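Reviewing the structure listed below.
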Amino acid sequence: MPGFELFDNMERDQLRDVMDTGILMRYGFSGLRKGHWKACEMEAALCRVAGVRHALLLSSGTAALTTALAALGVGAGDEVILPPFTFVASFESILATGAVPVMADIDETLCLDPQAVRKAITPRTKVVMPVHMCGAMAQLDELQAVCREHGLLLLEDACQAFGASFHGNMLGSIGNAGCYSFDFNKIVTCGEGGAVVTNDTALYERADRYHDHGHDHRNDDRGAEDHPFAGYNYRISELHAAVGCGQIGKLERFVAIHRQHKQVLKDALENLPGVTFRRLPDPAGDSATFLTFFMPSETAARRTATALKAAGVDGVFHWYDNNWHYIRKWEHLKTRAFAHPLYKPLLDAMPDYANTAFRQSDAIISRTLSIAIKMGWTDDEVRTRAALIRTTVQSSITQ
Ligand SMILES: *Cc1c(COP(=O)(O)O)cnc(C)c1O
């Protein structure tokens, strides 16, 4: 899956451009940089790929989520609805703005259940934040309808779904704003990096300022620029942007390879009694970075994960037992272990996650297994792996 699997001279050449001038910062120094603006280049490429008017490249996907929320005006007293199956960054970014993360169940799409979202809405809800998990889409049409009905904003956490689409539109480009991650494990990587994309010019401007100490970026002299509001530093460096410039042109090829490899593995599990697949609202838009399927029970899922690992199949995830992606193991959130005190009204408003049950999500995630798709496999390796997965899953179902 990770884009680093297929690094080549594209990334090296881009990096050499940057080191030839030594200008590692994305802003200023225009006289010294010999025309190299890697962050700007990657942003232009992102606009083309995602089909959006604006893209802002930042230091991480977490920074992108935090910046997007801040630019949407989310803060003290607001609630943001998100799923309990995601990466911890989703709730971290909400807490960073001082808003309350309100979790609503997922369904068999492994993303937010629109009905559960409806039930979680209160007068304080401001944003619905679906997370397009494991390379594929939430039910964006229904979630958009919920947002329209209730006057809410839609922020797509597409950090795991760069390259995936819904009815022809790229994930991330459909809500009021969308976020991508280009960290080291994502399908396209900058080493570390992320992006906010949007068609809303005012929102983009707020994000652009917030992510760089409030700089209005209206000048080539940073010291002379104005600061209409306070921000932070979530800037990307030219070195990271250069790696991204080398990668982003390969996205189409990366997705094609994933789809091809995934299809072989999926075919191998087709028609195995007891095995069913994740529901994809638009199968044609899947970026195919994971093959995700359901086992008949939690025990069967755990047993199968263990058996697959023992058989030498790497990249197998039983998310129910995972420390980072499902609420069951988020002891720090449940016990409210934060590095510094949070404002009391925020803590008072936050659901008591130590005593909140997510039965519908539990019933799904406890039976869910994902296998990460690698691009580097040869055709032979894919076929051998597919056969091994089939026999291992089959024998652990009937055990
Ligand atoms: C990777 C990821 C993020 C955060 O990205 P970083 O670049 O690692 O900060 C956020 N949300 C989800 C769902 C992710 O998978």
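The values are calculated or read from the model by the stated rules, or taken from the named source; none is laboratory data. Quick caveat, the model's predicted, so the values are computed rather than measured. Note that we place each Cβ from the backbone using ideal geometry, even for glycine, and neighbour counts take in every protein chain shown. Areas reflect the complete protein model, heavy atoms only, side chains present, ligands, DNA and RNA absent. Shrake-Rupley method; radii C 1.70, N 1.55, O 1.52, S 1.80 Å.
Here are a few things to note about the model shown:
- Aspartates and glutamates whose Cα lies under 16 Å from that of K126, excluding same-chain neighbours fewer than 8 positions away: D78, E79, E149, E156, D157
- For the pair R12 and E252, label points projected 7 Å from Cα toward Cβ lie 2.6 nm apart.
- Amide H contacts of E79 (H built 1.01 Å from N, under 5 Å, at least 5 apart or other chain): V100, T125, K126, V127
- For the stretch 166-246, the relative contact order is 24 percent, taking Cα pairs closer than 8 Å that sit 6 or more residues apart in sequence and dividing their mean separation by the residue count.
- Computed over protein heavy atoms with a 1.4 Å probe, the carbon and sulfur contribution to the accessible area of the chain reaches 52%.
- One decimal place: the segment E331-R124 gains 71.9 nm when fully extended, by the rule 0.36 nm per residue minus the C-alpha distance.
- For K38, the lysines whose Cα comes closer than 17 Å to its Cα, not counting residues fewer than 8 places off in the same chain, are K250.
- Sequentially through the stretch 301-317, phi angles give Karplus couplings (6.51, -1.76, 1.60; θ = phi - 60°) of 5, 5, 4, 5, 4, 5, 5, 5, 4, 4, 7, x, 8, 8, x, 9, 10 Hz, Gly and Pro residues having no value and appearing as x.
- Ranking of Y180, Y232, Y204, Y210 by solvent-accessible surface, largest first: Y232, Y204, Y210, Y180 (1.4 Å probe, protein heavy atoms only, all chains present).
- Legend: distances between Cα atoms for K262/K334; K119/K334; K119/K309; K119/K329; pairs beyond 29 Å are K262/K334; K119/K309.
- Spatial extent of the chain: Rg and Dmax, with the Cα atoms as the point set, Å: 21.4, 71
- Restricting attention to the chain, close to 65% of DSSP beta bridges with both partner residues there are antiparallel.
- Angstrom value of the Kirkwood radius, inverse mean 1/r, which spans all Cα pairs in the stretch 252-398: 17.2 Å
- On the basis of the beta-carbon distance and an R0 of 41 Å, E205 and D267 show a calculated FRET efficiency of 0.30.
- When only the Cβ of Lys, Arg, Asp and Glu is charged (+1, +1, -1, -1), the dipole of the stretch 252-398 relative to its Cα centre reaches about 220 debye.
- The accessible-area ordering, largest first, of the residues L203, L153 stands as L153, L203, per a 1.4 angstrom probe.
- Table column - 3J(HN,Hα) (Hz), the stretch 85-101, Karplus curve with 6.51, -1.76, 1.60, x for Gly and Pro: 9, 6, 9, 3, 4, 4, 6, 4, 5, 5, 4, 4, 8, x, 8, 9, x
- Under the combined filter of DSSP loop state and at most 13 neighbouring Cβ atoms within 10 Å, the stretch 1-110 retains these trypsin sites (Lys or Arg not before Pro): K34, R53.
- Residues of the stretch 252-398: accessible area per residue with a 1.4 Å probe, Å²: 49 Å²
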